[in-house]
Every structure is written in structure tokens, then in C-alpha cells.
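The values are calculated or read from the model by the stated rules, or taken from the named source; none is laboratory data. As the structure is a computational prediction, the values presented were derived from the model and not from experiment. Glycine gets a Cβ as well: all are built from the backbone with ideal geometry, and neighbour counts include every protein chain shown.
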Amino acid sequence: MGKGISETIAPIGGIGANQVVGDLDASGLRFGIVASRFNDELTDELARSAVGCLERNGARSGTIDVVRVPGAYEIPVVAEKMAAGGRYDALIVLGVVVEGETQHAQMIIDTTGQAILDIACRHRIPVINEIVGVRSWAQAEARCRGGENTRGWYAAEAAIETARVYRKLG
């Protein structure tokens, strides 16, 4: 049994309940991405891989907006404004927070995570949180470099699938 999300999108076998599943067809959907400039060597990679995934799955470049903010703390306020505008089918938030010698990194991860979840629920829009919190630069690179193997690519797939599920639920 593997760890993480399965690559196959299918109903759960062996149950008779009605099931709603999404797919990875991004055509006709509109996406907003909020990317932190802090640690931009890595956040730029996350953004490139997220946009690449969206486009590979049918999104046109004109249906993807990328907004840059200084750091992770600025992500929620911009995501709030984007969600409130009703223009997007899903949002993706991207940042990299590397732990230092203080509790500051954990505070950023905790507070932004809760704010992003609140935005998603308040505005009824999928907001995929990939503010990557790690203990070392090596861990950050492992999660942010590598095209289809990055957290940016995963975030885009999650945004597409969740937006499709959301549409099916009406």
C-alpha cells in the first residue's frame, strides 16, 4: 500500500453508494495562483510546474493568473481577494518556509494554513495550499525541483480534480 495520493482517479471498489469523483480535465476552468517571492529560487519552480501541469491538462494560458507576493504571510490576504471575486474555479497558493533556529517558521505554516482553509470554506472554492514547510534547504529542493515530481505539479492536479468534483456537486 502506497503513501500519498493515488495516480488513478476512480470510484472506490466494493461499495454500492453513489460516488462523485473528479478528473484531470482543466479545459474550461479558470485558475489563480498566488506565489511567494521569498525563496524565489524554489517558488518559481513550484509556479512553473503548476502552470505546466494545468496547461498539459487542458487549461489555456489565458485562464491562469499568477500573482506574486513578498512572502508566505502575504498569501492569505491576496488569496482572500481572489476568492471573493468569484472569477476562479480553484486557487493554488505556493511558498517555501525553511525552519530556522526559532519557532517563526512553524508559526507561519500554522497561521497561513488556517487562514487558507478559512478562505476556501468561506468562499466555497478549492484553495490548494502548497506552502511547503521543511526543516532544511535540501528537503525544500526535493519537494520543489523536478517538474512532474514537485509539490507545484501535485497542487495543480489537486486543484483540477477538486474543481471538477465541486462542479459535479452543484
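Residues that are part of a loop (DSSP other than H, G, I, E, B) and farther than 23 Å from VAL78 by Cα within the range 118-149 comprise ARG135, SER136, ARG145, GLY146, listed in sequence order. Within the range 11-46, the set of residues being touching a residue at least 40 places away in the same chain (Cβ under 8 Å) and assigned to a loop (DSSP other than H, G, I, E, B) comprises VAL20, VAL21, GLY22, ASP23, LEU24, ASP25, ALA26, LEU29, ARG30, PHE38, ASN39.
What about ALA138, is it out of contact with any strand residue (DSSP E or B) (no Cβ under 7 Å at 6 or more places or on another chain), of a type in the set (A, V, I, L, M, F, W, C) and farther than 20 Å from PHE31 by Cα? Here the answer is yes, as ALA138 does meet what is asked. Identify, from the list GLY28, GLY62, GLY58, the residue that is farther than 17 Å from GLU161 by Cβ and surrounded by fewer than 20 Cβ atoms within 10 Å (Cβ to Cβ). Every option except GLY62 fails the conditions. Looking at the structure I just gave you, is GLU74 charged (D, E, K, R), modelled with pLDDT of 95 or more and in a helix (DSSP H, G or I)? Criteria met by GLU74. Got at least one residue in the range 149-159 being within 19 Å of GLU41 (Cα to Cα) and at pLDDT below 95? Among the residues of the range 149-159, at least one is within 19 Å of GLU41 (Cα to Cα) and at pLDDT below 95, which makes the answer yes.
Quick test for you: out of ILE160, ILE108, pick the one residue that is crowded, with 23+ Cβ neighbours inside 10 Å and out of contact with any Gly (no Cβ under 7 Å at 6 or more places or on another chain). Talk me through it step by step, then tell me what you get.
Numbers: ILE108 fails: crowded, with 23+ Cβ neighbours inside 10 Å.
Exactly one of ILE160, ILE108 is crowded, with 23+ Cβ neighbours inside 10 Å and out of contact with any Gly (no Cβ under 7 Å at 6 or more places or on another chain), namely ILE160.
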